[in-house]
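J.: Quick one: the structure is below, and I'll ask about it shortly.
The values are calculated or read from the model by the stated rules, or taken from the named source; none is laboratory data. It should be emphasised that the depicted structure is a prediction, and the values quoted were computed from it without experimental measurement. Reconstructed Cβ throughout: ideal geometry from the backbone, glycine too, with neighbour counts over all protein chains shown. We work out accessible area using only protein heavy atoms, side chains counted, and drop any ligands, DNA or RNA first. Shrake-Rupley method; radii C 1.70, N 1.55, O 1.52, S 1.80 Å.
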Amino acid sequence: MIQKPRGTRDFLPDEMERRRAVEKRMRDVARCWGYREVCTPEFEELELFTARSGQGIIEEMYVFEDKGGRMMALRPEITAAVQRMYLNEARVIPKPLRWCYFGDCFRYERPQKGRYRQFWQFGVELIGADTPVADAEVIMLARDLLESSGVSFTLHIGHLDFMKALLSDMDPKEQRIVMRYLDKKDDAGLKGHLAVTGRSDLYTSLTALLECRSLDEVTEVTGELPDYKRTEETLGLLDEMEVPYSLDPGIARGLDYYTGIVFEAFADNLGAENQILGGGAYRLAHLFGGDDVPSSGFAIGFDRVMVSLGDTAGEAERVVGIVYTQEGRTHALRVARAFREAGLRTETDIMGRNIGAQITHASKSAQFVAIIGKREQESGTVTLKDLISGEQHELDLPSAVREVVTSGPRG
RNA sequence: GCCAGGGUGGGGUAGUUGGUUAUCCUAGGGGACUGUGGAUCCCCCGACCCGGGUUCGAGUCUCGGCCCUGGCCCCA
């Protein structure tokens, strides 16, 4: 039998409904912040992602040649595509642009809990704003989005300047290597690397930096920071708005296009794959041949959020089963239509079963059955049976619909 | 790519030192049953992940692969 590809998943209706419910809450939050949804292709020219996505992501991309000989890639993330879209379509729209997206991405990785080869990201991009309030807005939105989903998380905020201030006399490539060690909190690796490259003098200050939990502590280690006032203002705004976060100078981020403030969120109840959000301020457009535009944004690992939430059932949907005899069929179909027009999920028998078997079947998913036979057809009524209490009575159609609608969702 | 632990009907399981037709529950289908059968009774469907090896005989032992779970790595 053919199996699904490794690292992919099938979603049955129950799970799909849970996912859609969380997705909807996130969309609503983004909308309330003024972030409107966009959509970009699932595959792009390979070059879009090789420009600056970071070596790790390039190695795990799904790459293919199309029939015209073009090198293409399934998108491993969406930010680069949104920036391309901005340059192609939206340069003249008044800034700032507030966009959000929800889509699947592909990375060829070893699957494990919370890590799949096809996975979904909910993300936002704020394009064309370069202010402390913009940085704060994106982080506040990140907080609201995660809270709306119901996950329990902690938010860490850093700034690439913290590390760069100490590494300013290194070339950028070397900086990245050292920052990677710091990001991983690989103390032994860091020490070894600094020794090999003859920069052991930096070890004390770098490890001290990782211990810092406030901006003042950071500047004691790094000295003057170019963005100090701005960072202070951003963090001040977050404090005033009571956003819970911890300052973490050790954040370097895996993608190479970040330029300023960076942040990550971790689910409290996940194991190795517990990062559920990552983002920051970045500049990417110049790499694609456009005018540069300051931007910031983040992506939420939607599947990890769902893993973190677990199997907690959403609200049970109200379902009505229409149960009928042959003599009542026409009336039954009209009754079904009335329930559907009221927005209720309504299922009728299509198996030619008798009344009892129909009730048996309906009871597996429905809370109510409307029983329609010769008698109801002739009188134009509905016998409504509450499958939970077992009570039933005969009503006119509008009353029956009203009774189900006002019953509220239940088990 | 590396390490560890796993894989028995759709789901959950039993399977002794290798030994009949692989256990049980549940789900699914059919029938009895034509206005309450959410029931009951009967019947059916359906599995040892794949491929080598050892053996008279493999679900069981062994090797390789695939897949799952967790960890490394990387990242969302």
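J.: Please list the non-local residues whose amide H lies under 5 Å from the amide H of A:CYS105, H modeled 1.01 Å from N, same-chain partners needing a gap of 5 or more.
T.: A:PHE119, A:TRP120, A:GLN121
J.: How large is the translational diffusion coefficient of region A:319-405 in µm² per second when you combine the Kirkwood radius over alpha carbon pairs with Stokes-Einstein at 37 °C and 0.692 mPa s? Spell out each step's value before the answer.
T.: Details: Rh = 12.3 Å.
In µm²/s, the coefficient rounds to 266.
J.: Quickly rank A:356-366, A:121-131 as a protection proxy: mean count of other C-beta atoms within 10 Å, highest first. If you can, show how the numbers build up before the last one.
T.: Working: A:356-366: 15.7, A:121-131: 22.2.
Packing proxy ranking, top to bottom: A:121-131, A:356-366.
J.: Would you work out what percent of the accessible area of region A:13-309, with all protein chains in place, is carbon or sulfur (probe 1.4 Å)?
T.: Details: 6730 of 13540 Å².
Here it works out to 50 percent.
J.: Please say if region A:224-349 is rounded, prolate or oblate, where rounded means a/c under 1.5 for a ≥ b ≥ c the square roots of the C-alpha gyration tensor eigenvalues, and otherwise the choice is prolate for a/b larger than b/c and oblate otherwise? It would help to have the intermediate numbers written out before the result.
T.: Values: a/c = 3.50, a/b = 2.74, b/c = 1.28.
Prolate, because a/c is 1.5 or more and a/b exceeds b/c.
J.: Send over the semi-axes of chain A's equivalent ellipsoid, whole angstrom and largest first, taken as the square roots of 5 times the C-alpha gyration tensor eigenvalues. Write down the numbers at each step before the final one.
T.: Working: eigenvalues 585, 105, 84 Å².
So the equivalent ellipsoid measures 54, 23, 20 Å along its semi-axes.
J.: If you put +1 on each Lys and Arg Cβ and -1 on each Asp and Glu Cβ, how big is the dipole of region A:48-135 around its Cα centre, in Debye rounded to 20?
T.: Numbers: 13 positive and 11 negative charges, 28 e Å.
So the magnitude is around 140 debye.
J.: Sticking with this one: Assign one of three labels to region A:216-298, namely rounded, prolate or oblate, based on the Cα gyration tensor with a ≥ b ≥ c the square roots of its eigenvalues; rounded applies when a/c is under 1.5, prolate when it is not and a/b is larger than b/c, and oblate otherwise.
T.: It is oblate, given that a/c is not under 1.5 and a/b is not larger than b/c.
J.: For region A:73-119 and region A:221-276, what is the separation of their Cα centres, given in Å?
T.: 21
J.: Considering only protein heavy atoms and a probe of 1.4 Å, how much of the accessible area of region A:319-405 is carbon and sulfur, as a whole percent? Please list the in-between numbers first.
T.: Working: 2290 of 4680 Å².
C and S atoms contribute 49 percent here.
J.: Could I ask something else about it? Ignoring everything except DSSP H segments at least 4 long, calculate the 222 nm mean residue ellipticity for chain A; use -39,500 (n - 2.57) per segment, divide by total residues, nearest 500. Could you put the intermediate results ahead of the total?
T.: Details: 16 runs with 163 residues, N = 411.
It lands at -11500 deg cm²/dmol.
J.: Using the Kyte-Doolittle scale, find the helices of chain A whose mean hydropathy is at least 0.0 and whose Cα atoms extend 24 Å or more along the helix's long axis, counting only whole DSSP H runs. Please report the intermediate quantities before stating the final value.
T.: Values: long enough: A:13-32 (28 Å, -1.59); A:132-149 (26 Å, 0.55).
Long hydrophobic helices here: A:132-149.
J.: Quick one: 3J(HN,Hα) in Hz for region A:263-279, Karplus 6.51/-1.76/1.60 with θ = phi - 60°, rounded, Gly and Pro as x.
T.: Those phi angles translate into 8, 9, 10, 10, 6, 6, 10, 10, x, 5, 9, 9, 7, 10, 7, x, x Hz.
J.: Now, a different point. With a 1.4 Å probe and every protein chain left in place, tell me how much accessible area A:VAL92 has, in Å² to the nearest 10.
T.: Roll a 1.4 Å probe over it and A:VAL92 shows about 130 Å².
J.: From the square roots a ≥ b ≥ c of the eigenvalues of the alpha-carbon gyration tensor of region A:12-99, which class results: rounded (a/c under 1.5), prolate (a/b over b/c), or oblate?
T.: Working: a/c = 2.30, a/b = 1.29, b/c = 1.78.
In terms of gyration-tensor shape, oblate.
J.: Please compare each pair in A:LYS95/A:LYS229; A:LYS173/A:LYS229; A:LYS67/A:LYS173; A:LYS113/A:LYS185 to a cut-off of 32 Å on the Cα-Cα distance and tell me which ones are over it.
T.: Numbers: A:LYS95/A:LYS229 24 Å; A:LYS173/A:LYS229 28 Å; A:LYS67/A:LYS173 36 Å; A:LYS113/A:LYS185 22 Å.
Cα-Cα > 32 Å for A:LYS67/A:LYS173; rest within.
J.: Then there's this: Provide the per residue accessible area, probe 1.4 Å, for region A:13-309, rounded to a whole number of square angstrom.
T.: Details: 13540 Å² over 297 residues.
Ligands and nucleic acids excluded, the result is 46 Å² per residue.
J.: Straight distance only, please: which lysines reach the Cα of A:LYS364 with their own Cα at less than 19 Å, same-chain residues fewer than 8 apart left out?
T.: A:LYS385
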